[in-house]
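Have a look at the structure below before the remarks.
The values are calculated or read from the model by the stated rules, or taken from the named source; none is laboratory data. Because the structure is a prediction, the values reported are computed rather than measured. We place every Cβ from the backbone using ideal geometry, glycine too, and count neighbours over all the protein chains shown. Side chains are part of the model used for accessible areas, which takes the heavy atoms of the whole protein and leaves out ligands, DNA and RNA. Shrake-Rupley method; radii C 1.70, N 1.55, O 1.52, S 1.80 Å.
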Amino acid sequence: MINSREALIQTTEAAKATLASYGCRILVCSGTGCIASGSEAVYEEFRKLAKDDHNVVLDFKPHDEDEHDSEVVSDVKNALGVKKTGCQGVCELGPLVRIQKGDDVIQYIKVKPENCEEIWQRSVRQDDVIESLLYHQGEEAFRGPEDIPFIAKQTRIVLENCGKYDAESFEEYLAGGGFTALQKALFEMKPEEVVEEVDKSGLRGRGGGGFPAGRKWKQVARQPEKERFVVCNGDEGDPGAFMDGSVMEGDPYKLIEGMMIAGYACGAENGYIYVRAEYPMSVARLRKAIATLEEVGLLGDDILGTGYNFHMHINRGAGAFVCGEGSALTASIEGNRGMPRVKPPRTVEKGLWAKPTVLNNVETYANVPKIVLQGSDWFRSIGTENSTGTKTFSLTGSIQNTGLIEVPMGTTLREIIFDIGGGLKDGGSFKAVQIGGPSGGCLTEEHLDEPLDFESVKKFGAIIGSGGLVVMDDNTCMVEVARFFMSFTQRESCGKCIPCREGTKRMLEILERIVNGEGELKDLDLLEELATMIKSMALCGLGKSAPLPVLSTLRTFRDEYVEHIVNHKCRAKVCGAMRTFHINPEFCKNCGKCMRSCPVGAITGNREVGYTINSKQCIRCGACKENCAFDAIYVEM
């Protein structure tokens, strides 16, 4: 049991010695993205190769077994470990594998099970590098992860452990400096000093609102009610966002340590992590971490002999987007339907079970250990004056390098998209980026050199939100983008307040009419009127931000809306209702098959005079084109 500071220090030193003893570590990315690409099979193949090779000391504990594999032979001094790590970042290039020998690390990409034998013989048993499996940019190959521009141009604080350590290993978290911040807080700082340090750091909530974390902690700490709670919002629901999930999967102990420090600072003895059910791996790894910490005595009563008690609980959400809102989230934990309530009182006054509650998201808590260790001045030296530290973003869409990134607040879109992301796919032209998910807005070329921080993006009708960045090129229809996000928020509305329930439904109906070629110019004024009403009158943040994608696209891409309405044209050739089908008489053999296949009788004619398509009657299903054996039917947008 680790029941004192001295015991924790001794355990940490032993963990560091164990980690240093490895002659080679094979680090297989086991983030959700790489697992979807087949990394489990790669991991199993490396395990098999390790067990079958009698010239190595095998020293690793498989994640799915309890026994400790160990095979020792006299002519080898250093151990070899096969480890599952969290997300290594470059998600599109998975499965990702790192071969680590001391400080030397080789990063391999797109590794398949059939590559493992060659990696084993050339890079594990010898010191050779397989160039074909390295990351390439043009003719240049990049050997290590820190050499790859996508990673090298980031500043990793929250994600610093992801990809470096066994995601499920308590010992490896200790070896990397884990729970040093908790030690410092418990033995060298009073609770109010911890709160003050977090407040001075300028750390703002990374879940979307950007409210100062220290101010929230102060409000909870001064409440007369002594029973308090610490709650983590892990209900990451934005389409295209996976930052919090990657932290929970790749570095669960860091999140727990941050929550334990928050509990100590605010006088709370219970912490709850609310994770959406679509994150089963996050749930599994958090549960394992909690069980391990309870077993060794770092969670429970009288932690490290200080008298501080803290217990952790996990609640799984059913995937309702509205449960990302604080009062809806706490209602769900209590076993009630996840619906927001009128405020005040705020969560800091009456949150979970009507008790004072600190509610922050995963990324916010993951910043806390470093702030406690290195101080508020260090944290303030990163980012901007009013938006300190770093921000994680999920970079997706029409971008060369998709994946998980972390950059200082104030980094420009140009740096993120072109320097880190490698520019647009297939030489496409940048059109816009959707920031903040369905609650955010679109930024365009004129915003490429604007700093990304909480204040700057608000000026352009957008929010940073949880950190989703969806990059779009000229093949994107902005009207359809607005319709997609409105469809999402309308579907996710809890229905409690009329402005959101009915207003978003009316906005969606108008947008659907426009993309179907049935819109009118007066619809644009009606959209803006409805959007203004919903923003000002909706009960919670979901409703208040739901119109933002529509408003931002109307402001920047109004000509596309007009084009859809007046010209019945979609310049991106995305909206199927804008298609018109024509028969080319040069190719047509007058067989009549198109007319027979048309479900609405929009094709008329006969063998003698030929056939024509009535565009007004045509439902644009494409059956005629599919059934034409002579390619006589073509489509115009």
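Restricting to the stretch 301-321, and then to whatever is modelled with pLDDT of 95 or more, in a loop (DSSP other than H, G, I, E, B) and open to solvent by 30 Å² or more (accessible area, probe 1.4 Å), can you tell me which residue is farthest from F229 (Cα to Cα)?
G305
In the stretch 370-389, what count of residues is obtained for those that are touching a Gly at 6+ places or on another chain (Cβ under 6 Å), open to solvent by 10 Å² or more (accessible area, probe 1.4 Å) and assigned to a helix (DSSP H, G or I)?
Filtering the stretch 370-389 for residues touching a Gly at 6+ places or on another chain (Cβ under 6 Å) gives 379-380, 382-384, 388-389.
Now narrow it down to the ones that are open to solvent by 10 Å² or more (accessible area, probe 1.4 Å): 380, 382-384.
Filter once more, keeping what is assigned to a helix (DSSP H, G or I): 380.
Counting residues in the stretch 370-389 that are touching a Gly at 6+ places or on another chain (Cβ under 6 Å), open to solvent by 10 Å² or more (accessible area, probe 1.4 Å) and assigned to a helix (DSSP H, G or I) gives 1.
Considering only the stretch 202-209, I want to know if a residue exists there that is open to solvent by 10 Å² or more (accessible area, probe 1.4 Å) and modelled with pLDDT of 95 or more.
yes
Within the stretch 413-455, take every residue that is in contact (Cβ under 8 Å) with a residue 60 or more places away in the chain and part of a helix (DSSP H, G or I) and give me the one that is farthest from the chain's Cα centre (by Cα).
Within the stretch 413-455, the match that is farthest from the chain's Cα centre (by Cα) is E455.
Please count how many residues of the stretch 295-313 are charged (D, E, K, R) and over 27 Å from I35 (Cβ atoms). Before you say what the answer is, go through the steps one by one.
First, pick out the residues of the stretch 295-313 that are charged (D, E, K, R): 295, 301-302.
Narrowing the set further to residues that are over 27 Å from I35 (Cβ atoms) leaves 301-302.
Qualifying residue count, the stretch 295-313: 2.
If we keep just the residues of the stretch 91-115 that are closer than 20 Å to S21 by Cβ and free of Cβ contacts under 8 Å to residues at least 12 places away in the same chain, which is least open to solvent (accessible area, probe 1.4 Å)?
Selected residue: G102.
Could you check the stretch 586-635 and list, in sequence order, the residues that are exposed (fewer than 11 other Cβ atoms within 10 Å of the Cβ) and either in contact with a strand residue (DSSP E or B) (Cβ under 9 Å, 6 or more places away or on another chain) or assigned to a helix (DSSP H, G or I) (or both)? Spell out the reasoning first.
Kept after step one, since they are exposed (fewer than 11 other Cβ atoms within 10 Å of the Cβ), are these residues of the stretch 586-635: 586, 599, 601, 606-609, 616, 626, 629, 631.
E626 - this is the single residue of the stretch 586-635 that is exposed (fewer than 11 other Cβ atoms within 10 Å of the Cβ) and either in contact with a strand residue (DSSP E or B) (Cβ under 9 Å, 6 or more places away or on another chain) or assigned to a helix (DSSP H, G or I) (or both).
Report, by residue number, each residue of the stretch 472-511 that is open to solvent by 30 Å² or more (accessible area, probe 1.4 Å) and under 22 Å from K431 (Cβ atoms). Break it down into steps so the answer makes sense when it comes.
The first filter runs over the stretch 472-511 and keeps only residues open to solvent by 30 Å² or more (accessible area, probe 1.4 Å), leaving 474-475, 480, 483-484, 490-492, 496, 498, 501-502, 505-506, 509.
D474, N475, E480, R483, F484 - these are the residues of the stretch 472-511 that are open to solvent by 30 Å² or more (accessible area, probe 1.4 Å) and under 22 Å from K431 (Cβ atoms).
State the number of residues belonging to the stretch 322-358 that are buried (at least 18 other Cβ atoms within 10 Å of the Cβ) and in a helix (DSSP H, G or I). Outline the logic, then answer.
Of all residues in the stretch 322-358, those buried (at least 18 other Cβ atoms within 10 Å of the Cβ) come to 322-333, 338-340, 347-348, 350-352, 355-358.
When the remaining residues are screened for being in a helix (DSSP H, G or I), the result is 322-324, 326-333, 352.
Qualifying residue count for the region: 12.
Taking the residues in the stretch 282-298 that are of a type in the set (A, V, I, L, M, F, W, C) and under 17 Å from Y308 (Cα atoms) as candidates, determine which candidate is most open to solvent (accessible area, probe 1.4 Å). Don't jump to the end; show me each part of the working.
Residues of the stretch 282-298 of a type in the set (A, V, I, L, M, F, W, C): 283-284, 286, 289-291, 293, 296, 298.
From what's left, under 17 Å from Y308 (Cα atoms): 290, 293, 296, 298.
Working: I290: 14, L293: 0, V296: 32, L298: 0 Å².
Ranking the candidates gives V296 first.
Kindly list the number of the only condition in (1) in contact with a helix residue (DSSP H, G or I) (Cβ under 9 Å, 6 or more places away or on another chain); (2) free of Cβ contacts under 8 Å to residues at least 40 places away in the same chain that fails for L255.
So L255 meets the others, but not (2).
Name the residue that is nearest to V105 (Cα to Cα), counting only residues in the stretch 135-176 that are over 25 Å from the mean Cα position of the chain (by Cα) and open to solvent by less than 50 Å² (accessible area, probe 1.4 Å).
Applying the filter and picking the extreme gives F142.
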